[in-house]
Amino acid sequence: MTGAGSRPRSAPAPALMPSALMPLALAPLALAPLALTMGDPAGIGPEIALKAWAQRRAAHVPAFYVLADADLMAERATALGLDVPVRAITHPSETARLFDAALPVLSIALAERAVAGQPSARNALATIASIDQAVAAVANGTASAVVTNPIAKSVLYQAGFAYPGHTEYLAALAARIWPASHHQPVMMLASNDLRVVPLTIHIPLRSVPAQITAELITTTVRITGQALRRDFGIAAPRLVVAGLNPHAGEDGSIGTEDRDVIAPAVGALAREGFAISGPHSADTLFHASRRATYDAAICMYHDQALIPIKTLAFDDGVNVTLGLPFVRTSPDHGTAFDIAASGRASPASLIAALQLAASMVQRRTAVAS
């Protein structure tokens, strides 16, 4: 996620081996580079981008370029004592030639010098421009996927940003660039141990019950099922649906939403051919033996989905946006202003996000060819 209060563990991560999220059995394809956005320049985005490049060989990191201020990236590398040469580029196509020797940066100038741990709304437009340019690069084929560094939504709001977060803004960009098709963004958090999809996301808990409808459940399950088949290579996805109320409502004695809304929607999807069950009591859905019985869990609200996966995979979980016409992944943590430029931020989640983005593109390309 992308809030300032959500941060990676403040311990340097060892060099990573390839994530099990990667489709290592597939023959490698020649892909355009990944476009990595700057995120908030006062956060840990620059640090984890530099560290991801530094671990490119040990962690088998796919080629990427950063849309950020090149001077800031070089300054941050020096301050952190990282041996990461930063090379300014003018076009993503330069990435392949440079990536092994230097970190390619397609420079976006900041309005003012970024100070680690001190976010400034004056730099918000550069953060937004980084996202815009990354999506445009995928649209014109010069990048294969978008990987986003963490933003601080409150900082962007001060500059007039009118979207709840990354996901909604990316959906708006998709509608603008690909107007002929409908786009329904769905958030998935993925790790080697668990995949979860929150049905509702950044809304107050008191608003959740009214937002849970059969239509939303059906749309979310269909998009999730398609993604598991296409992007994760799971031929017959197994899905479970968590209940809203304790013990999934106890047949209406602890709230009626599970009985009257969720159960009928799940039943209709099962009759449609999905391997799906629910609603299940959420308190027994995430232990190890239960996780082995499904490929993804559809949860009713933000924390119901994110608490278990961040408990199990805090360092290497990945935020994936399904339902868009392009691949987008992100680390599952926030800007971590409190440890920015301290050298303590782990790049593990970003590395996993880069790996998964390349994996998804590779699968989609293989299917299309």
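With a cut-off of 9 Å between beta carbons, the residues surrounding N245 carry a summed charge of -3, where Lys and Arg count +1 and Asp and Glu -1. Using the Cβ of A126 as centre and a radius below 13 Å, the other residues enclosed give a net charge of -3, where K and R count +1 and D and E count -1. Helix hunt in the chain: which complete DSSP H runs extend at least 27 Å axially by C-alpha with mean Kyte-Doolittle at least -0.5? Membrane-span-like by this criterion, though nothing is claimed about a membrane: 348-368. Distances between every pair of Cα atoms in the stretch 309-369, grouped in 5 Å steps from 0 to the bin holding the largest one, split as 4, 18, 21, 22, 15, 10, 6, 3, 1, 0 percent.
On the chain, 55 percent of the accessible area sits on carbon and sulfur atoms, based on a 1.4 Å probe. For the residues D315, D295, D251, a 1.4 Å probe over the protein chains yields an accessible-area ranking, largest first, of D251, D315, D295.
Heavy-atom accessible surface of the stretch 97-166, averaged per residue, reaches 39 Å², computed with a 1.4 Å probe.
Of S330, S144, S93, the residue with the greatest mean-square motion in the GNM of the chain, using alpha carbon springs below 10 Å, is S93.
When all alpha-carbon pairs of the stretch 165-222 are counted, what percent fall beyond 17 Å? Mind showing how you got there, number by number?
Numbers: 868 of 1653 pairs.
When all Cα pairs of the stretch 165-222 are counted, 53 percent exceed 17 Å.
I want to verify the translational diffusion coefficient of the stretch 45-170 in µm²/s; compute it with Stokes-Einstein, Rh as the Kirkwood radius over Cα pairs, at 4 °C and 1.567 mPa s.
Numbers: Rh = 15.2 Å.
For the chosen part, D equals 85 µm²/s.
In summary, the stretch 130-171 shows an alpha-carbon radius of gyration equal to 1.24 times the 2.2 N^0.38 Å reference for compact globular proteins. If R0 equals 25 Å, the separation of the Cβ atoms of N140 and A111 corresponds to a calculated FRET efficiency of about 0.40.
Below 8 Å between Cα atoms, with a sequence gap of 6+, how large is the relative contact order for the chain in percent? Working shown, then result.
Numbers: 772 pairs, mean separation 103.8, N = 369.
Normalised by residue count, the contact order of the chain is 28 percent.
Roughly what % antiparallel, to the nearest 5, for the DSSP beta bridges in the chain? If you can, show how the numbers build up before the last one.
Working: 12 of 39 bridges.
If we restrict to bridges inside the chain, about 30 percent are antiparallel.
Using a/c under 1.5 as the rounded threshold, could you call the stretch 238-290 rounded, prolate or oblate? The axes a ≥ b ≥ c are square roots of the C-alpha gyration tensor eigenvalues, and prolate needs a/b larger than b/c, oblate otherwise. Cα axes put the stretch 238-290 in the oblate bin. Helical content alone sets the calculated 222 nm signal of the chain at -10000 deg cm²/dmol, taking -39,500 (n - 2.57) per DSSP H segment of four or more residues and averaging over every residue.
The residue among V186, A352, S330 whose Cα reaches farthest toward the positive pole of the charge dipole of the chain, with charges on the beta-carbon of Lys, Arg, Asp and Glu, is A352.
Around the amide H of H280, modelled in the peptide plane, lie the amide H atoms of V241, A242, G243, all under 5 Å away and 5 or more residues distant in sequence or on another chain. In terms of Cα atoms, the Rg and Dmax of the stretch 249-369 work out to 18.2, 54 Å. The P(r) of the stretch 265-317 has a tail past 19 Å containing 32 percent of all C-alpha pairs.
The label point for E94 and the one for A180, both projected 7 Å from the Cα toward the Cβ, are 3.4 nm apart.
Among G117, G273, G165, the largest mean-square fluctuation in a Gaussian network model of the chain (Cα springs under 10 Å) belongs to G273.
Using a probe radius of 1.4 Å on heavy atoms only, what accessible surface per residue do you get for the stretch 228-369? Whole Å² is fine.
For the stretch 228-369, the solvent-accessible area averages 36 Å² per residue.
Ratio of the chain's C-alpha Rg to 2.2 N^0.38 Å, to two decimals?
Details: Rg = 20.2 Å, N = 369, 2.2 N^0.38 = 20.8 Å.
Cα-based Rg divided by the globular estimate yields 0.97.
Rg over Rh of the stretch 127-280, using C-alpha atoms and the Kirkwood radius, what does it come to? Intermediate results must be reported in sequence, preceding the final value.
Values: Rg = 17.9 Å, Rh = 17.7 Å.
In the stretch 127-280, Rg relative to Rh is 1.01.
Roughly how many whole Å is it from the C-alpha centroid of the stretch 144-190 to that of the stretch 315-344? When both Cα centres are located, 13 Å separates them. Convert 4 °C to kelvin, take the viscosity as 1.567 mPa s, use the Kirkwood radius over C-alpha pairs of the stretch 39-88 as Rh, and evaluate the Stokes-Einstein diffusion coefficient in µm²/s, rounded to a whole number. Result for D is 117 µm²/s.
The values are calculated or read from the model by the stated rules, or taken from the named source; none is laboratory data. Not measured: the values here are computed from a predicted model. Heads up, the Cβs are rebuilt from the backbone with ideal geometry, glycines too, and the neighbour counts pull from every protein chain shown. Side chains are part of the model used for accessible areas, which takes the heavy atoms of the whole protein and leaves out ligands, DNA and RNA. Shrake-Rupley method; radii C 1.70, N 1.55, O 1.52, S 1.80 Å.
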